[in-house]
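Report on the following structure.
The values are calculated or read from the model by the stated rules, or taken from the named source; none is laboratory data. Source: prediction; values computed, not measured. No Cβ is skipped: glycine too gets one built from the backbone with ideal geometry, and neighbour counts run over all protein chains shown.
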Amino acid sequence: MSLKEEIDLTRLPSHIAIIMDGNGRWAQKNGMNRFMGHKEGVVSVRKVSEAAGKLGVKYLTVYTFSTENWNRPKEEVDALMDLMVTAIRQESADLMTNNVHLHVIGDVDRLPPLTHEKLMDCVRETRKNTGLNLILALSYSSRWEITEAAKHIAQEVKDGLLDIEQINEKTISTHLSTKGIPDPDLLIRTGGERRISNYLLWQLAYAELYFTDTYWPEFREENLYEAITDYQRRERRFGKTREQIK
């Protein structure tokens with residue numbers, strides 16, 4: 001029986017964030033070059049996003065490419081950018097069929113022109129879709145995001161548009177690239193590592209963390225269901241006592 005049958009659809013995480021780790025190690029384990037791991041990882045994105053959408057999850061954010069990834073060997077970065085263009089072309093029709101609204105967060109101006117163009121075309125094409133919001137964290141780092149937010153807030157104070165005493169948590173949240181998107185309820189990291197890696201540091205403050213040794217290219221629907229059932233077994237108190245929650 002599928003673990004899907006055990007999921008309480010009334011207590012789904014509204015927003016799931018994923019660190020898709022282990023593409024290269026999966027490829028090496030199977031005697032392939034690293035690029036093949038990234039290529040198979042695209043299949044996992046499709047399978048997981050389709051499964052999440054069918055369950056009724058509203059937001060799914062996937063860590064696609066970090067700002068630190070620009071430091072990888074040029075041939076690997078170039079191959080990843082080419083793969084992204086190919087994947088966008090191939091997946092656009094499925095996104096429309098599945099009513100998925102694609103978003104992008106990150107320093108996307110660093111992307112090669114063709115990658116940027118195809119990505120923005122897909123974002124515009126899906127903007128009226130009302131199903132799952134699929135968010136690509138691309139050329140993204142949380143420290144970059146928070147630094148940019150601080151700059152914008154400081155400029156507003158300098159321009160007299162904002163009083164320094166008015167700055168609060170909401171002010172910061174509305175200056176992040178995830179403005180208007182609820183904070184993740186659940187973070188999933190594949191590949192066996194147990195760290196957050198400069199990903200959604202502000203937004204993950206109260207997320208439940210789920211780590212698995214499964215490499216991302218092997219992570220499919222049943223793995224997602226397992227993570228969600230684990231999440232639903234936890235008690236989320238947000239600083240309150242158990243008695244207050246009850």
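A few points about this structure:
- All positions within the stretch 45-73 that are among the hydroxyl-bearing types (Ser, Thr, Tyr), at pLDDT below 95 and outside any strand (DSSP E or B): Thr67
Listed here are the residues, each with its yes/no results for (1) among the aromatic types (Phe, Trp, Tyr); (2) within 18 Å of the chain's Cα centre (by Cα); (3) more than 21 Å from Arg195 (Cα to Cα).
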{"site": "Lys4", "(1), (2), (3)": "no, no, yes"}
{"site": "Thr10", "(1), (2), (3)": "no, no, yes"}
{"site": "Ile16", "(1), (2), (3)": "no, yes, no"}
{"site": "Gly22", "(1), (2), (3)": "no, yes, no"}
{"site": "Lys47", "(1), (2), (3)": "no, yes, yes"}
{"site": "Val57", "(1), (2), (3)": "no, yes, yes"}
{"site": "Leu60", "(1), (2), (3)": "no, yes, no"}
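- Residues within the stretch 162-219 that are part of a helix (DSSP H, G or I), in contact with a helix residue (DSSP H, G or I) (Cβ under 8 Å, 6 or more places away or on another chain) and under 14 Å from Ala150 (Cα atoms), tallied: 3
- For Glu76, the test of being surrounded by 13 or more Cβ atoms within 10 Å (Cβ to Cβ), more than 20 Å from the chain's Cα centre (by Cα), in a helix (DSSP H, G or I) and in contact (Cβ under 8 Å) with a residue 40 or more places away in the chain is passed.
- Any hit, the stretch 218-227, residues being exposed (fewer than 15 other Cβ atoms within 10 Å of the Cβ) and either aromatic (Phe, Trp, Tyr) or over 16 Å from Glu50 (Cα atoms) (or both): no
- Any hit, the stretch 129-141, residues being surrounded by fewer than 16 Cβ atoms within 10 Å (Cβ to Cβ), part of a helix (DSSP H, G or I) and of a type outside the set (A, V, I, L, M, F, W, C): no
- Cβ pairs under 8 Å, 6+ apart, first in the stretch 53-66 and more than 14 Å from Gly180 (Cα to Cα), second of a type in the set (Ser, Thr, Tyr) and in a strand (DSSP E or B): Tyr63/Tyr140; Thr64/Tyr140; Phe65/Ser139; Phe65/Tyr140; Ser66/Ser139; Ser66/Tyr140
- Residue list for the stretch 102-116, restricted to those being crowded, with 18+ Cβ neighbours inside 10 Å, on the phi < 0 side of the Ramachandran plot and outside any helix (DSSP H, G or I): Leu102, His103, Val104, Ile105, Leu111
- Some residue of the stretch 204-213 being more than 18 Å from Tyr63 (Cβ to Cβ) and in contact (Cβ under 8 Å) with a residue 24 or more places away in the chain: yes
- Which numbered condition Thr178 fails, given (1) modelled with pLDDT of 95 or more; (2) surrounded by fewer than 19 Cβ atoms within 10 Å (Cβ to Cβ); (3) among the polar types (S, T, N, Q): (2)
- The set of residues in the stretch 1-44 that are part of a helix (DSSP H, G or I), within 28 Å of Ala93 (Cβ to Cβ) and free of Cβ contacts under 8 Å to residues at least 40 places away in the same chain contains only Met36.
- Once the stretch 89-114 is narrowed to residues that are among the β-branched types (Val, Ile, Thr) and in contact with a strand residue (DSSP E or B) (Cβ under 9 Å, 6 or more places away or on another chain), the residue that is farthest from Ala137 (Cα to Cα) is Val100.
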